[in-house]
Amino acid sequence: MKKALILFYFFVITAVLVAQSVTVKGKLVSESDKTELPYATVTVASEATPANTVKKMATQQDGTFSTTLPPGKYILSFHYVGMNDLEKSIEVSTSQDPIDMGAVAMTETSMLLEEVSVTAQKPLVKVEIDKLTYSAKDDPEASTSNVLDLLRKVPLVTVDGEDEIQLKGSSSFKIYLNGKPSNMISGNPSQVLKSMPASSIKDIEVITDPGAKYDAEGIGGIINIITDKRADDGYSGSVGANGDTFGGYGGNAYLATKYGKFGFTGNAGYYHHASPVAGSSFIREETATDHQSSLTQNGSSESSGGGLFLTGAVSFEPDTVNLFNLSLSRFGGEFSSLSLQDASSIGSRAYTYNTRSNSISHYGGMNLSADYQHSFRRMGEMLTTSYRYEYDPNDSEYDSEYNDVTGMFYYPDGYQLKSLNNAGGREHTIQIDYVNPLNGKHSIETGMKYIFRDNSSRADHTFFDVEENRWKPDLNRKNDLDHSQYIASGYAGYSFKTGKMGLKVGLRGEQTNQEIHFMSNELDTIVKTNFFDMVPSVALSYQLGMTQTLRGGYNMRISRPGIWYLNPYINDVDPNNISYGNPRLDAEQQHNFNLNYGTFSQKLNFNATLSYSFAKNAVTSYSFIREGVTHSTYDNIGRNQSVGTNLYVSWTPVQMIRTYINGGVNYTDIQSTEDRSLRNSGFSGRAFGGLTFTFPNDFRVGVNGGTFMSRVQLQTKQSPFYVYSFSMMKSFLDKKLDVSLNMQNLFSEHRIVSSTTTGDGFWQESVSKRPVRNLRLSVTYRFGDLKTSMKKVQRGIINEDVLEGESNQQQGTTTTPTGD
């Protein structure tokens with residue numbers, strides 16, 4: 001009986017204490033840029049006995065924390081890696097409503113570089129509800145790399161041996177720069193990204209489930225490149241140079257400054273590309289009963305070119321609630337090539353000839369953007385207005401001469417052609433966006449956008465009349481184009497976070513009106529069209545544990561063809577194989593479903609994605625034979641569906657070793673909506689991995705390699721190929737000077753790649769043999785007062801015991817250590 005009474009009194013006292021407990025909550029942020037601080041350690045102690053911890057917890061992924069405390073006076077201590085420790089005192093009374101501490105701001109530690117010891121591993125990859133973020137500034141190899149090299153290590157992104165970028169196995173995606181679409185980069189990704197030093201980049205975001213606020217364009221998703229900026233007063237920067245055994249060379253410079261209310265970030269890069277002589281062969285068999293022939297071509301080509309990339313961004317923050325940004329980017333260059341070819345045709349149309357062709361491509365772009373951002377009293381509530389202007393020229397020219405002509409060839413002996421095409425587009429964009437985090441759980445966003453695009457193409461064709469011995473205009477080859485597009489859009493989104501679960505839904509509407517003016521020697525036609533798209537998106541996340549997250553999402557994406565697909569200009573530098581665009585293309589619609597699982601630990605990190613997509617009017621390249629000539633163009637004839645998986649694994653068994661693998665496999669089924677006989681299906685895959693050893697005295701050795709299977713296309717199959725490289729890097733002058741040597745395909749002088757295309761009445765195969773063995777030397781020197789975030793890239797400041805014992809506070813839902 002006595003024990004029962006004691007137990008009864010114990011329950012009564014406990015119930016009274018619980019009833020008197022008060023909820024204490026808040027949100028931990030960085031004072032400099034107001035970013036959330038996830039998984040920070042929060043300890044609670046009584047003011048009377050501060051050495052004794054009453055409670056200990058970690059902030060959530062969005063930086064929020066919440067606990068219940070009985071009446072009394074308490075001290076809350078906050079600890080986050082790279083920040084100064086912070087203490088806050090509170091008093092809890094019985095009659096008090098829940099205590100909301102609001103935004104608790106922590107300041108960055110001001111340690112000098114010399115004071116930091118090498119004790120830790122920094123996270124590289126973080127998973128959020130709708131995207132993956134790769135921390136470029138925390139990659140120890142970024143100091144001597146360019147952005148294209150960095151992309152090879154970003155989850156879901158692969159870059160093959162031809163420098164072609166794929167996102168989840170798709171080449172149809174958009175590249176953003178600091179959250180804004182960049183046609184300049186999307187149109188020339190490999191050239192532009194090669195000229196940008198990786199040391200100028202803060203993060204690379206892979207947005208797998210773009211929400212309603214993003215433009216609906218980009219079938220595969222969005223790659224958002226975020227440049228680094230200073231959060232405190234001072235300056236920092238770098239200069240670099242590189243050269244390779246192909247004859248290529250380049251240089252770059254980067255500067256970031258902030259003084260008071262003004263900030264500036266600038267980036268300049270130049271590169272000269274040289275490709276030694278490469279061989280090629282081409283065989284085409286025509287099998288139609290009324291026209292059977294066999295064409296063989298053998299040739300060689302060499303190329304060179306250069307480009308200059310300049311960008312600058314200025315920010316002005318007159319007070320804590322207003323921010324002005326102005327940025328300007330310029331990229332320009334040219335690429336020239338010389339081709340020699342011998343051809344022989346037998347059968348119903350027999351001929352031989354040899355030709356010499358020179359071609360020059362001019363590429364580049366200019367981007368100007370201005371933003372104004374106003375923050376309200378509620379943390380995270382803001383209104384943004386912006387304007388963007390973009391100009392993207394895409395000019396080309398070539399001249400060809402045909403000699404030793406015999407038989408039934410299209411041109412007589414000594415015939416010459418010249419062609420000049422001036423093409424490009426201008427784009428104006430205005431938009432307004434508003435976001436309001438209603439409370440710790442609910443948030444809304446809305447906005448409007450208007451885009452005007454003006455694309456054009458003008459060509460000048462001439463030929464040399466061998467009989468009259470003079471140049472003449474060739475009016476029969478006229479194919480000019482004016483294409484105007486007007487896009488008005490609006491969106492609304494809602495997000496919800498509670499405990500371990502997150503939800504993000506949105507709906508975007510886009511109205512498109514366009515006018516196409518097509519001009520040839522015989523026709524002058526104007527076509528006007530308009531269409532409206534409703535673009536829904538849904539993203540879900542569930543935190544299975546402190547280090548495990550499950551995500552799922554659906555989105556619909558559209559792809560409006562640009563000038564590269566619309567341009568009717570006929571490229572007939574090879575009269576047996578001509579190509580041109582289609583000005584009557586419609587926008588493509590694709591539906592995407594994604595499921596992602598991510599988990600991490602101190603040493604092993606794993607992220608897997610399963611995706612399914614389908615489209616009924618995909619813009620598809622196709623080829624056909626007409627009068628003995630292969631025509632290649634585009635049309636909305638693709639009905640395809642694809643199931644794929646992407647895998648990212650990083651393992652750091654010991655501090656000096658880091659290895660990773662990044663790749664995926666897709667199964668695709670595609671068929672023509674106009675010709676049922678045109679259908680193809682099969683598997684495609686890509687994988688890229690690396691192993692890095694970090695030795696004492698700042699010396700690193702690495703090996704990287706990848707293999708790439710053929711992508712499934714409507715008519716074409718390509719042989720698989722592989723790439724590999726070895727690298728060595730040494731730091732000097734207290735880590736201010738980095739010297740790196742990269743050896744690509746050291747044991748392979750050439751790479752042979754073949755592609756086979758089949759169609760109605762023909763079969764053809766092309767084989768290229770390109771030199772791939774190349775050595776590149778890079779040197780980078782950093783200067784200025786390096787801020788803490790840059791120091792942590794070099795040496796780290798976390799003790800491994802702290803990482804394990806404090807809930808891995810700096811790591812996001814899925815993170816990958818650098819192994820530094």
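The values are calculated or read from the model by the stated rules, or taken from the named source; none is laboratory data. This is a predicted model, so every value here is computed, not measured. All Cβ positions, glycine included, derive from the backbone under ideal geometry; neighbour counts span all protein chains shown. Surface accessibility is based on the protein's heavy atoms, side chains included, excluding ligands, DNA and RNA. Shrake-Rupley method; radii C 1.70, N 1.55, O 1.52, S 1.80 Å.
Does Y660 qualify as being in contact with a Pro (Cβ under 6 Å, 6 or more places away or on another chain) and closer than 23 Å to Y134 by Cα? Considered against the rule, which asks whether it is in contact with a Pro (Cβ under 6 Å, 6 or more places away or on another chain) and closer than 23 Å to Y134 by Cα, Y660 comes out as no.
Any residue at all in region 720-742 that's open to solvent by 20 Å² or more (accessible area, probe 1.4 Å), over 25 Å from D244 (Cβ atoms) and without any contact (Cβ under 8 Å) to a residue 40 or more places away in the chain? Checked against the condition, which is being open to solvent by 20 Å² or more (accessible area, probe 1.4 Å), over 25 Å from D244 (Cβ atoms) and without any contact (Cβ under 8 Å) to a residue 40 or more places away in the chain, region 720-742 yields at least one hit. Scanning region 142-164 for residues that are touching a strand residue (DSSP E or B) at 6+ places or on another chain (Cβ under 7 Å), modelled with pLDDT under 80 and part of a loop (DSSP other than H, G, I, E, B) turns up D160, G161. If you go through region 377-404 and keep only what is at pLDDT 90 or above and either touching a Pro at 6+ places or on another chain (Cβ under 6 Å) or not in a strand (DSSP E or B) (or both), you end up with just E381. When only residues in region 36-75 that are small (G, A, S) and open to solvent by 60 Å² or more (accessible area, probe 1.4 Å) count, which is farthest from G545 (Cα to Cα)? The selected residue is A48.
Considering Y554, Y580, Y622, the condition of being of a type outside the set (A, V, I, L, M) and within 22 Å of the chain's Cα centre (by Cα) is satisfied by Y554 alone.
Criterion first (assigned to a strand (DSSP E or B), farther than 30 Å from V703 by Cβ and aromatic (F, W, Y)) does Y634 satisfy it? Here the answer is yes, as Y634 does meet what is asked. In region 126-151, the qualifying residues are those that are among the aliphatic types (A, V, I, L, M) and farther than 21 Å from S541 by Cα, and the one that is surrounded by the fewest Cβ atoms within 10 Å (Cβ to Cβ) is L148. Those strands (runs of 3 or more DSSP E) of region 679-725 in which at least 1 residues are farther than 30 Å from S740 by Cα, modelled with pLDDT of 90 or more and in contact with a Lys or Arg (Cβ under 6 Å, 6 or more places away or on another chain), considering only elements entirely within it, cover 679-695.
Selection of region 743-764 for residues being of a type in the set (D, E) and touching a residue at least 60 places away in the same chain (Cβ under 8 Å) yields only D760. Filtered by the rule that a residue be over 26 Å from E108 (Cβ atoms), open to solvent by less than 50 Å² (accessible area, probe 1.4 Å) and among the aliphatic types (A, V, I, L, M), region 228-287 gives A268, A274, A278.
Considering region 759-789, the residues that are more than 30 Å from D228 (Cβ to Cβ) and at pLDDT below 90 include one that is surrounded by the most Cβ atoms within 10 Å (Cβ to Cβ), namely G759. Looking across region 394-425, the residues that are over 39 Å from the mean Cα position of the chain (by Cα) and at positive phi come down to D404, G407, G414. Screening the candidates N367, N421 for the property of being modelled with pLDDT of 90 or more, open to solvent by less than 30 Å² (accessible area, probe 1.4 Å) and within 25 Å of E302 (Cα to Cα) yields one hit, N421. Of everything in region 591-601 that is modelled with pLDDT under 90 and buried (at least 21 other Cβ atoms within 10 Å of the Cβ), the residue that is farthest from the chain's Cα centre (by Cα) is F600. Within region 602-613, one or more residues are surrounded by 20 or more Cβ atoms within 10 Å (Cβ to Cβ), modelled with pLDDT under 90 and either within 28 Å of the chain's Cα centre (by Cα) or more than 30 Å from V405 (Cα to Cα) (or both).
Taking region 614-631 as the range and being open to solvent by 20 Å² or more (accessible area, probe 1.4 Å) and assigned to a loop (DSSP other than H, G, I, E, B) as the test, only E627 passes.
Of the strands (runs of 3 or more DSSP E) lying entirely inside region 447-538, the ones with 3 or more residues being open to solvent by less than 60 Å² (accessible area, probe 1.4 Å) and more than 30 Å from K25 (Cα to Cα) are found at 479-498, 501-520. Of (1) open to solvent by 60 Å² or more (accessible area, probe 1.4 Å); (2) assigned to a strand (DSSP E or B); (3) farther than 22 Å from A241 by Cβ, E674 satisfies all except one. Which? Condition not satisfied by E674: (2). For residues in region 642-666 being more than 23 Å from the chain's Cα centre (by Cα) and assigned to a strand (DSSP E or B), which is surrounded by the most Cβ atoms within 10 Å (Cβ to Cβ)? My answer is R658. The residue that is nearest to G581 (Cα to Cα), among those in region 375-414 that are aromatic (F, W, Y) and open to solvent by less than 30 Å² (accessible area, probe 1.4 Å), is Y398.
Looking only at region 22-31, count how many residues are under 13 Å from M83 (Cβ atoms) and open to solvent by 60 Å² or more (accessible area, probe 1.4 Å). The number of residues fulfilling the criteria is 1.
Scanning region 177-187 for residues that are of a type outside the set (G, A, S) and either surrounded by fewer than 21 Cβ atoms within 10 Å (Cβ to Cβ) or assigned to a helix (DSSP H, G or I) (or both) yields N178, K180, N183, M184, I185. In region 255-263, the count of residues that are over 30 Å from L383 (Cβ atoms), part of a strand (DSSP E or B) and of a type in the set (A, V, I, L, M, F, W, C) is one or more.
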